[in-house]
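Worksheet for the structure shown next.
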Amino acid sequence: GYTVVGSGGQSQVTLIGDAVFPGCEATNPCQSNNGGCEGICRYISPGIHNCSCGEHATVSLSNSSQCTCDVGYVKVGYGMCDDINECSVEGCGPNSICTPGSNKRTCECIAGFHFKSKPRQITSVSINGATAWDPTNDCVANNVCDSSFGDEYGCTTTLYSNQPVECTESIGRRTCQCPEGYFVVGGNGRSASLAVGTVFPGCLVNDYCNPLHNGANGGNGCGQDTTIDVKCTISQNSRICECPVGYRVKGYETRSLDIPLGTNFTGCTVRYH
């Protein structure tokens, strides 16, 4: 447990002539190769020491000079362990967000995607940090025509229920087409191209007297003037607007006018003669 002073750890030296013996000093094993410890070397008494480890690590049961990291941690040197970033080890597959945790990671699909092998209502999964990602759980794009994803998908409507609305998928959009005899509410015909996140407004039966049936294939019925009673009659691909007695169609000398699709009714004006 002692060495010769100034000998570099030697327990004995040979003196020549009248050389003076420098004496002995207690040996500190930690000063040589860290006492063989992977972690922290603690001096106890001459020739005696022990090894300990840093945070989140314990002395190995099989080798008292080595350190073993706690579950979910990895060695970073000198018996120290740091938390493993589980997302950097395995991740969560494409089109997903990975959030690391304590010996686990949480996987969540980005907006517009879902786990292809799990029920729709499951939006995130928690996975053990050491478990490899299963590609059968990859996040895949929502089918824009599948109304089970919510109102922003598909072409469902509550405005009529006699016939289904045809839905055609395209990149990031869908086209909803009403059946023959119906038109898209607020649109300009039977079909509407909608971006993901846009709710389909529904279909209404063709009624050219309905102000909702506007656009290129409709018009404004027979005006919005509620102070007079303008009669609207549906004709083939048009409607007939008839002003009340004492009035005429603006721009015309007649009380009524057959107005083709796509043309707005100009209104009625008082007849002065």
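The values are calculated or read from the model by the stated rules, or taken from the named source; none is laboratory data. Only a predicted model underlies this, so the values are computations on that prediction, with no experimental measurement involved. Every residue, glycine among them, receives a Cβ derived from its backbone with ideal geometry; neighbour counts consider all protein chains shown. For the accessible areas, the whole protein counts, side chains as well, though only heavy atoms, and no ligand, DNA or RNA atoms are used. Shrake-Rupley method; radii C 1.70, N 1.55, O 1.52, S 1.80 Å.
Just a few scattered comments:
- Label point distance in nm, ASN50-ASP151, each placed 7 Å from Cα along Cα→Cβ: 6.8
- Mean separation of Cα contacts under 8 Å, 6 or more apart, over the residue count of segment 5-102: relative contact order %: 16
- Free-standing Cys residues across the chain, given no other cysteine C-beta under 4.7 angstrom: CYS24
- Of the solvent-accessible surface of segment 69-170, computed with a 1.4 Å probe over protein heavy atoms with every protein chain present, carbon and sulfur atoms account for 50 percent.
- Reach of LYS75 by Cα under 26 Å, taken over lysines that are not fewer than 8 positions away in the same chain: LYS104
- By the Stokes-Einstein formula, at 0.692 mPa s and 37 °C, segment 1-58 with its Kirkwood radius over alpha-carbon pairs has D equal to 253 µm²/s.
- Efficiency of FRET between THR198 and ILE234 - r from beta-carbon atoms, R0 41 angstrom, step 0.05: 0.85
- For the chain, with +1 on Lys and Arg beta carbons and -1 on Asp and Glu, the positive-most of ASN95, VAL125, ILE234 along the dipole: ILE234
- The chain - Rg (one decimal) and Dmax (whole number), Cα, Å: 42.5, 150
- Each Lys and Arg adds +1 at its Cβ and each Asp and Glu adds -1 at its Cβ; summed about the Cα centre, the chain shows a dipole of about 1060 debye.
- In the full protein context, segment 69-132 carries 60 Å² of accessible surface per residue, based on a 1.4 Å probe and ignoring ligands, DNA and RNA.
- Point-charge dipole on Cβ atoms (K/R +1, D/E -1) for segment 1-155, about Cα centre, debye to 20: 240
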